[in-house]
Amino acid sequence: MDKKEALRRFFGYTSFRSGQEEIIDALLGGRDVSCVMPTGAGKSVCYQIPALLLPGLTLVISPLISLMQDQVEALNQNGIPAAFLNSSLSPQVYGQTLSDMENGCYKLIYVAPERLSTEGFRAVCAKLPISLIAVDEAHCVSQWGQDFRPEYRRIAEFVSFLPQRPVIGAFTATATKAVRRDIASLLELKSPVQVTTGFDRPNLYFAVETPNSKPLRLLQLLDERREKSGIVYCLTRRTVEEVEALLRDKGIRATRYHAGLTEEERRQNQEDFIFDRKPVMVATNAFGMGIDKSNVSFVIHYNMPKNLESYYQEAGRAGRDGAPAECILLFGAKDVHTNRWMIENSDPNPNLDPDTQDAVFRRDLDRLRKMEFYCLTQDCLRGYILHYFGEKAQVQCGNCSSCAAGSALADMTVEAQQALSCVVRCGQHFGSGMIIDVLRGVETERVAENGFQKLSTYGLMRGQAVAEVRRLLDALRMQGYLKQTDGERPVLRLTPEAKSILTGGKKFEMRVPVAPEKPKKRTADGLDTADEALFERLRKLRAKLASRASVPAYVVFTDATLRELSAVKPQTEQELLRVSGVGEKKAARYGKAFLEEIRAYSEEK
Ligand code: ADP
Ligand code: ZN
């Protein structure tokens, strides 16, 4: 069997995605690999296929024990012998699994990093031919990452203890240079093949909104997405509690997750979500690493997160099955303050010297600013994200709220000069609220107190909406002509570059909205031809089969597979096997039921 054959037989896919083949080839050829791929790009297949093809055992090291069971279940469903070892198992089951492992019953074993130091586990490993070690969420080894796990530092020591060094593959979705360097050096990879695939996720629709009332807007969004599964991310535990109570009150089947809940409740709620008993999860960022529920069709951020790394990771949990999905961020100016407060009040990492601590602090504030700009920009949101991660992008993607709203690049040099000189005339002592009032010629007490109605810039933008003037000030900040001080009462100041606009004859351009078209959303190729009525019937059938087998629905087939089934309407097992996501094992297990349902549906029509 070769890799292509394995992909078809065990996973039901006909072609590899970008990067997968390169990684599989390297691992099969005995080369270490360091792989950076965005969430949902398909990292698991990159070590699962080598695991099938290599002679010995593959260890998958993963930090999230709560999710191993799902992953192992999904493999077993595909006919791949796998098991997991972690502290959630009773001593009996643990012992049994260990001895089955010793007897060569498995191709893959998922383990938590802390297992690597236990004696029983080591004794068995020393006796076994281990071909491959896959380190999932490899960024956990680095203290520069978000999720530093000290136990990850012991992986290299474990490897050196093995009689024969297996090939090592490290996988992550977080990709800064420092983290990548740490992964290679701390895991002691041997001149690894570096594979970084594009960060773009074309099936995700990105949107930012600044609603007057977040609760009302959220309810509206969820109402439009009934029957769909999604995550609502909040910044704090308290907000999670409030939002979940609100949704429950309105009869929405929602559950919650944050670090303040008991382990038992977290497990239960996560399961309710995974099994679609409660399709909406309200959570802090404590929820989701390693979640591979593939049918999450929206991720709504109730608050802006602290940086784009977090945002893209969280938002990226939508649409992992490749079907169109939405990532909507509800922005409010208060989010900036809350995040700044959290950064300022978080304990510095004690393993770092004061200089580095200070550098980390300033880096965090800078990242927060770039996150804020994402919420303010009129530019293509996808383009903004891709640029942030160092990738090229088209000017307009056609699949985000900026592109849908429609905008044009406009010469705003005169307006920019007016705004900048207004900031100067107000003494560079005031925040955007005051500058906007002065430019619009509003008579407030504070304007009068400061005598600003006598300024030459007073009322220059009379008749313009607050939002318009604010957009101009935001654009001046984003392009680096104004900066806002940090702290309790942020103040706008000019940067040295502002001179070029005021007196240097430099042009100032920014995007302004043009008459908004009807927002349009792109559907992925072919998906819109799916027969909705049939799709609904197949969904019901899937729910029945899943509950009979006690597995989450998406482990039977993903939404993307159901869509293709309802579009193609296969008649025979051969035709069924050609549908993406239908492997031999699943065809044998579920094929008949689905073919019958499709036949019955066609006859009824
Ligand atoms: P990651 O670990 O990178 O976040 P996964 O490994 O969970 O992503 O894969 C995401 C989804 O993509 C899964 O449903 C997986 O079955 C699917 N997938 C992986 N490889 C392919 C492929 N070559 N063709 C089609 N779907 C794929
Ligand atoms: Zn766009």
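The values are calculated or read from the model by the stated rules, or taken from the named source; none is laboratory data. This one's a predicted model, so the numbers in the text were calculated from it and none came from an experiment. Methodologically, a virtual Cβ is constructed for each residue, glycine included, from the backbone with ideal geometry; neighbour enumeration extends over all protein chains shown. Keep in mind that these areas ignore ligands, DNA and RNA; they rest on the heavy atoms of the full protein, side chains included. Shrake-Rupley method; radii C 1.70, N 1.55, O 1.52, S 1.80 Å.
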Simple SL model, points at 7 angstrom along Cα→Cβ for Ser44 and Thr413; separation in nm is 5.7 nm
Return the carbon/sulfur percentage of the accessible area of the stretch 407-513, one whole number, probe 1.4 Å, all protein chains in place.
48 percent
Which net charge results when you count Lys and Arg as +1 and Asp and Glu as -1 among the other residues whose beta-carbon is under 11 Å from that of Arg165?
-1
If a/c stays under 1.5 just call it rounded; otherwise compare a/b with b/c (prolate if a/b is bigger, oblate if not). Do that for the stretch 204-405, with a ≥ b ≥ c from the square roots of the Cα gyration tensor eigenvalues.
oblate
Protein accessible area in the stretch 220-300, 1.4 Å probe - carbon and sulfur %:
42 percent
Rounded to the nearest percent, how much of the accessible area of the stretch 3-196 (1.4 Å probe, protein heavy atoms only) is carbon and sulfur?
49 percent
Looking at the stretch 429-469, which GluC sites (Glu not before Pro) are in a loop (DSSP not H, G, I, E or B) and have at most 12 other Cβ atoms within 10 Å?
Glu443
Given R₀ = 22 Å, what would the calculated FRET efficiency be for Ala467 paired with Phe361, taking r from the Cβ atoms and rounding to 0.05?
0.10
What is the stretch 209-321 by shape, rounded, prolate or oblate, if you read a ≥ b ≥ c off the alpha carbon gyration tensor as root eigenvalues and call it rounded for a/c under 1.5, prolate for a/b larger than b/c, and oblate otherwise?
rounded
Within the under-11-Å Cβ sphere about Ala359, not counting Ala359, Lys/Arg +1 and Asp/Glu -1 give a net charge of -3
Cβ-Cβ FRET estimate between Leu502 and Thr338, R0 fixed at 35 Å, reported to 0.05
0.55
Counting other Cβ atoms within 10 Å, which GluC sites (Glu not before Pro) in the stretch 329-392 have at most 16 and lie in a DSSP loop?
Glu391
Indicate the gyration tensor shape class of the chain (rounded, prolate or oblate), computed on the Cα atoms with a ≥ b ≥ c the square roots of the eigenvalues: a/c under 1.5 is rounded; otherwise a/b larger than b/c is prolate and the rest oblate.
prolate
Can you give me the accessible area per residue for the stretch 3-196, using a 1.4 Å probe, in Å²?
39 Å²
How far, in nm, would the chain grow between Ser456 and Arg122 when pulled straight, counting 0.36 nm per residue and subtracting the alpha carbon separation?
112.4 nm
Distance cut-off 26 Å, Cα to Cα: go down the list Lys370/Lys499; Lys306/Lys392; Lys250/Lys569 and report the pairs above it.
Lys250/Lys569
In nm, to one decimal, how far is the modelled label at Gln396 from the one at Arg493, with both set 7 Å along Cα→Cβ?
3.9 nm
Just the accessible area for Arg31, please: 1.4 Å probe, Å², rounded to the nearest 10?
110 Å²
Which listed pairs, of Lys293/Lys334; Lys4/Lys127; Lys43/Lys107, have C-alpha distances above 29 Å, in listed order
Lys293/Lys334; Lys4/Lys127
Net charge (Lys, Arg +1; Asp, Glu -1) of residues whose beta-carbon lies under 10 Å from that of Ser15, Ser15 excluded, is +2
Where both residues lie in the chain, what percent of DSSP beta bridges are antiparallel, nearest 5?
15 percent
Per DSSP H run of at least 4 residues, take -39500 (n - 2.57); add these up for the chain, divide by its residues and hand me the 222 nm value, nearest 500 deg cm²/dmol.
-13500 deg cm²/dmol
Once fully extended, how much extra length lies between Ser160 and Glu263, figured as 0.36 nm per residue of separation less the alpha-carbon to alpha-carbon distance?
33.7 nm
